[in-house]
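First the structure, in the form of structure tokens, and then the observations on it.
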Amino acid sequence: MKFRSTALVKGFRQSAPYLNAHIGKTIVIMVGGEAIAHENFSHIVNDIALLNSLGLRIVMVYGARPQISNLAEQMNYPTPYHKGVRVTDERALEIAKQAAGHLQLDITARFSMGLNNTPMAGSQINIVSGNFVIAQPLGIDDGVDYAHSGRIRRIDTEAIHRQLDQRAIVLLGPIASSVTGECFNLTSEEIATQLAIKLKADKLIGFCSEQGVLDSEGGVVSEMLPIEAEQALQRLVELQQEERGTGRFLRGAITACRAGIPRSHLISYKEDGALIQELFSLDGIGTQIVMESAEQVRQATIDDIGGILELIRPLEQDGILVRRSREQLEQEVEQFTIIERDGLIIGCAALYPFPDERMAEMACVAVHRDFRDGDRGALLLSQLKQQAKRMGLAHLFVLTTRSLHWFREQGFSESSVESLPVAKKALYNFQRRSKILILDL
């Protein structure tokens, strides 16, 4: 008898909308030297290869800070920092080139593995590196000459897009050349950030030691606006931790978001499968920095019918909601308010006005089971209350068989069938025995 995993099927089905949403998208992935040195890096490589095979356009930027520092220490040659940037003189540049070159070859080799015991066995992954980034010197700051530490002068985006069109993974490190033929040591976060902006990428993804930005209780903050990310970065500055991976990524993510990159994700390089979980699960696993909330409350359109049906069908099957046909939904879709997250409808409610009695019914209230702990029902109620008030209505009523206590908590009071509008009273199902609750607006 063969073992059958319903969890596998369920997980695959739940990830399907996200797979469709990501195919053909351009993402820039920033992997610091700390991540490369960690034992989980081989899994990260496998996951990136998997994303490539699924049709995502990937630019991978790797850093080499710890590797350069370790090699410099072995050679007994200190390489000081100024304002978070390594001062790279001639000797330090040679050390940086050696460390970065070694990493490039090692990463390329990992993607080239064809052993049977690797998840991507048999796949052909093309890794392309080149002079896509042109650098220029940072110059002198506060009397400190950065020498061969540099910044980006320009990026050959057309050449990168040509490689991505061929389904290659573009791999770029911290060493870039200039128009004069010199080499410069750049920060991986600047390269990743500017690549995301210039390529008009859909996402910027960074790995650090934590699973994202942590709150005061040690929990992961799932979503932040740029101003909130700036506040988190300021806290790191106060703790003198701004140059850690989280701080460096936050700086880049803030810049990227304000330049038009929709989402920047911060996840842990220690967590096996973090990249897959972040991109292909309902609520992700790390921290997103976004220009606007990933969740939007809006009026439904005819294009939302399928999503609403998918949301309410389980509740209809359990007898919690009255069954509605697709035809009925198409006729009444303008009555619906929805909560949309990453293209998925995770909440809905409908408002049916009865102007003559100055009343309105709140009906078909549903929130996806994975999002029921975030006060989204209260958010829908707030939206419908505002709509009813704009219509000049005085009362909001609901009919419910399972959510009596929740509606009481929101200020509703129990009432009788006689309190319903005439048209609704005629349709009341006495076999269903729904409780009637009314809220004064």
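The values are calculated or read from the model by the stated rules, or taken from the named source; none is laboratory data. Keep in mind that this is a model prediction, so the values were computed, not measured. Cβ coordinates were reconstructed from backbone atoms using ideal geometry, including for glycine residues, and neighbour counts include every protein chain displayed. Surface areas here come from the heavy atoms of the whole protein model, side chains and all, with no ligands, DNA or RNA. Shrake-Rupley method; radii C 1.70, N 1.55, O 1.52, S 1.80 Å.
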Next on the checklist: Just to check I understand the Karplus step: with θ = phi - 60° and J = 6.51 cos²θ - 1.76 cosθ + 1.60, what whole-Hz values come out for the range 90-104, glycine and proline as x?
Outcome noted: 4, 5, 5, 5, 4, 5, 5, 5, 5, 5, 5, x, 4, 5, 4
Item to check | Qualifying trypsin sites (Lys or Arg not before Pro) for the range 332-441 [loop in DSSP, other Cβ within 10 Å: at most 13] | outcome: Arg372, Arg402, Arg432, Arg433
Next on the checklist: If you count only protein heavy atoms with a 1.4 Å probe, what accessible area per residue comes out for the chain, rounded to a whole Å²?
Outcome noted: 50 Å²
Checklist entry - Relative to the longest principal axis of the chain, what angle (0 to 90°, nearest 10) does the C-alpha long axis of helix 376-390 take? => result 60 degrees
Checklist entry - Which ³J(HN,Hα) values in Hz, rounded to whole numbers, follow from the phi angles of the range 177-182 under the Karplus curve 6.51 cos²θ - 1.76 cosθ + 1.60, where θ = phi - 60° and Gly and Pro get x? => result 9, 10, 5, 8, x, 8
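DSSP loop (so not H, G, I, E, B), at most 16 other Cβ within 10 Å: list which GluC sites (Glu not before Pro) in the range 190-236 pass both filters.
Within the range 190-236, the qualifying GluC sites (Glu not before Pro) (loop, at most 16 other Cβ atoms within 10 Å) are Glu217.
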Checklist entry - Can you list the residues, at least 5 places off or on another chain, whose amide H is less than 5 Å from the amide H of Asn40, using H built in the peptide plane? => result none
Item to check | Degrees, to the nearest 10: 245-258 long Cα axis against longest axis of the chain | outcome: 60 degrees
Item to check | Amide hydrogen neighbours beyond the local backbone of Phe354, cut-off 5 Å, H modeled | outcome: Met359, Ala360, Glu361
Item to check | Residues with amide H under 5 Å from that of Gly32, placed H, sequence gap 5 or more | outcome: Gly63, Phe207
Checklist outcome for this item: Ranked by GNM mean-square fluctuation in the chain (Cα springs under 10 Å), the top entry among Gly143, Gly247, Gly32 is Gly143
Checklist entry - Angle between the Cα long axis of helix 6-22 and the longest principal axis of the chain, 0 to 90 degrees, nearest 10? => result 70 degrees
Next on the checklist: Using the Karplus curve 6.51 cos²θ - 1.76 cosθ + 1.60 with θ = phi - 60°, what ³J(HN,Hα) values do you get for each residue of the range 193-204, in whole Hz, with x for Gly and Pro?
Outcome noted: 5, 5, 4, 4, 5, 5, 7, 6, 5, 7, 8, 10
Checklist entry - Could you give the nm distance between label points at Asn429 and Asp141, where each point is 7 Å from its Cα heading toward the beta carbon? => result 6.7 nm
Checklist entry - Carbon-plus-sulfur fraction of the accessible area of the chain, 1.4 Å probe, in percent? => result 48 percent
Checklist outcome for this item: With a ≥ b ≥ c from the Cα gyration tensor eigenvalues, square-rooted, and the rule rounded for a/c under 1.5, otherwise prolate when a/b > b/c and oblate otherwise, the range 296-440 is rounded
Checklist entry - About its Cα centre, how strong a charge dipole does the chain have in debye, to the nearest 20, once Lys and Arg get +1 and Asp and Glu get -1 at the Cβ? => result 1200 debye
